[in-house]
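To start, the structure under review is shown below, and the notes come after it.
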Amino acid sequence: MKQGYGHKDKAVRILITGGTGLLGAALQYFAPGDIACFSVYYPERPLPLPLPFPMRAADVSNPEQMRSIFAWARPDLVIHTAAIGSVDYAQSHGDETAMVNVGGTKVVAELCRIFQAAVVYISSNAVFDGENPLYAETDPVNPINRYGRLKVDAEDVIRNSGVPWAIVRPILMYGWPYPGERDNPVVWWVRSLESGKGIKVVDNVFSKPLSVWSCAEAVWTIVRRSAAGIYHIAGRDHISLYEFALVTAEVFDLNPRLIEPVPDSYFPEIAPRPRDTSFDTTKMETELGLKPQGVKEGLAYMKSRRPPDDEK
Ligand SMILES: NC(=O)c1ccc[n+]([C@@H]2O[C@H](COP(=O)([O-])OP(=O)(O)OC[C@H]3O[C@@H](n4cnc5c(N)ncnc54)[C@H](OP(=O)(O)O)[C@@H]3O)[C@@H](O)[C@H]2O)c1
């Protein structure tokens, strides 16, 4: 795929799917000033917090609803973040997840073709089996759970869509979710430790945790440069989830003795997780000019941005 988004020099009207999601909301807060954003959220409900750009409700897997969204936003480019993101939910609700994560991606790709828009698709580290880190963009995929298999299928939809595309694969993201949206491990750890509850955290699964703000910066860099192809986006520190929880306790001034390390076999009921899908970040650093952020720095930033009404 050649660099650039083909028929248009610069994407100035951007449609974000998953607008109230962790990444979808961060993308809006960090949008470059000269870009007009529009976003889609779902399901239709009163939104408790205003977001910076106009939003409309639509089911991403519904072609008619999404066609009217495209007609409203007239995007040059779509950042497609909307998905069922829970690995465990995807494992037990395979058909529903396929309809949203793959079916929704087909709807978005087809409308991009009709409306002559480019697409940046948000995929996942879950496309890898975790046996041979660090993963580069050229490494073969081999997912080990349903969520990962559906991400591979959705990537194929994007690659074969005939529209200019980039695929972004973020790894374990943390940050404050929009009210009522899915928690991430850091939020759960902070709330548990603040209420004096002991937690068990896996010490044999490794990652390079990524703050959602760093991910948003990377996506906007890709958009600004009309970068095409696959990009792995990750933080700097290559650590176990247990070590990550300890740093979280340190940064948030919470009691680390409440954190107990356990192996992943302690949680037999959850979907299989790859042991270590951490990324090689060479392409992100050299092509996009981005420096991966350490977890201490990312967590300190998260602490400084805590919503005032977040329950303590
Ligand atoms: N978070 C991570 O650690 C991580 C890591 C790697 C990749 N990813 C991928 O990155 C993307 C963004 O992740 P995220 O953490 O921002 O996810 P998220 O917070 O769960 O946001 C996803 C959004 O998609 C919306 N959505 C779900 N079904 C929909 C439908 N049928 N129609 C329209 N919107 C729908 C959700 O709305 P409701 O919640 O209101 O249903 C939610 O707002 C996802 O594709 C995810 O798979 C995430």
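What helices (runs of 4 or more DSSP H), lying completely within the range 61-116, carry at least 1 residues that are touching a Gly at 6+ places or on another chain (Cβ under 7 Å) and crowded, with 23+ Cβ neighbours inside 10 Å?
Of the helices (runs of 4 or more DSSP H) lying wholly inside the range 61-116, none has at least 1 residues that are touching a Gly at 6+ places or on another chain (Cβ under 7 Å) and crowded, with 23+ Cβ neighbours inside 10 Å.
In the list Ala82, Ala58, which residue meets the criterion of being in the same structural domain as Ala228 (by TED's automatic domain parsing), more than 19 Å from Val168 (Cβ to Cβ) and at pLDDT 95 or above?
Ala58
Applying the selection to the range 50-76, what residues are out of contact with any Ser or Thr (no Cβ under 9 Å at 6 or more places or on another chain) and more than 10 Å from the ligand (Cβ to nearest atom)?
Pro50, Pro52, Pro63, Glu64, Arg67, Ser68, Phe70, Ala71, Trp72, Arg74, Pro75, Asp76
What's the total number of residues in the range 40-60 that are within 19 Å of Arg182 (Cα to Cα), part of a loop (DSSP other than H, G, I, E, B) and not acidic (Asp, Glu)?
Qualifying residue count, the range 40-60: 11.
For the range 7-22: of the residues being open to solvent by 10 Å² or more (accessible area, probe 1.4 Å) and at pLDDT 95 or above, which is farthest from Met302 (Cα to Cα)?
Arg13
With the requirement that a residue be under 21 Å from the mean Cα position of the chain (by Cα), open to solvent by 20 Å² or more (accessible area, probe 1.4 Å) and over 19 Å from Arg74 (Cβ atoms), what does the range 23-46 give you?
Matches in the range 23-46: Tyr29, Phe30, Tyr42, Pro43.
Among (1) open to solvent by 50 Å² or more (accessible area, probe 1.4 Å); (2) touching a Lys or Arg at 6+ places or on another chain (Cβ under 9 Å); (3) not in a helix (DSSP H, G or I), which single condition is Gly130 missing?
Only one criterion in (1) open to solvent by 50 Å² or more (accessible area, probe 1.4 Å); (2) touching a Lys or Arg at 6+ places or on another chain (Cβ under 9 Å); (3) not in a helix (DSSP H, G or I) is unmet by Gly130, namely (1).
I'd like the residue in the range 199-217 that is within 15 Å of the ligand (Cβ to nearest atom) and part of a loop (DSSP other than H, G, I, E, B) and, out of all such residues, is nearest to Asp129 (Cα to Cα).
By that ranking, first place goes to Val205.
Among the residues of the range 157-176, how many are open to solvent by less than 20 Å² (accessible area, probe 1.4 Å), within 13 Å of the ligand (Cβ to nearest atom) and touching a Gly at 6+ places or on another chain (Cβ under 9 Å)?
The total comes to 4.
It is to be established whether one or more residues within the range 195-204 are over 19 Å from Ser123 (Cα atoms) and open to solvent by less than 10 Å² (accessible area, probe 1.4 Å).
For the range 195-204, residues over 19 Å from Ser123 (Cα atoms) and open to solvent by less than 10 Å² (accessible area, probe 1.4 Å): present.
Residue-by-condition table, conditions (1) farther than 23 Å from Pro308 by Cβ; (2) within 14 Å of the ligand (Cβ to nearest atom); (3) in contact (Cβ under 8 Å) with a residue 24 or more places away in the chain; (4) not in a helix (DSSP H, G or I):
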residue: Glu155; (1), (2), (3), (4): yes, yes, yes, no
residue: Tyr178; (1), (2), (3), (4): no, yes, yes, yes
residue: Arg182; (1), (2), (3), (4): no, yes, yes, yes
residue: Val186; (1), (2), (3), (4): no, yes, yes, no
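What single numbered condition from (1) touching a residue at least 24 places away in the same chain (Cβ under 8 Å); (2) surrounded by 18 or more Cβ atoms within 10 Å (Cβ to Cβ) fails to hold for Arg149?
Result: Arg149 fails condition (1) only.
Here's a check for you: in the range 221-237, which residue that is open to solvent by 10 Å² or more (accessible area, probe 1.4 Å) and within 16 Å of the ligand (Cβ to nearest atom) is nearest to Ile270 (Cα to Cα)?
Selected residue: Asp237.
The values are calculated or read from the model by the stated rules, or taken from the named source; none is laboratory data. Since this is a predicted model, take the numbers as computed values, not measurements. Cβ atoms come from the backbone with ideal geometry, glycine included; neighbour counts cover every protein chain shown. Ligands, DNA and RNA are stripped out before the accessible areas are found, and what is left, the full protein with its side chains, is counted by its heavy atoms. Shrake-Rupley method; radii C 1.70, N 1.55, O 1.52, S 1.80 Å.
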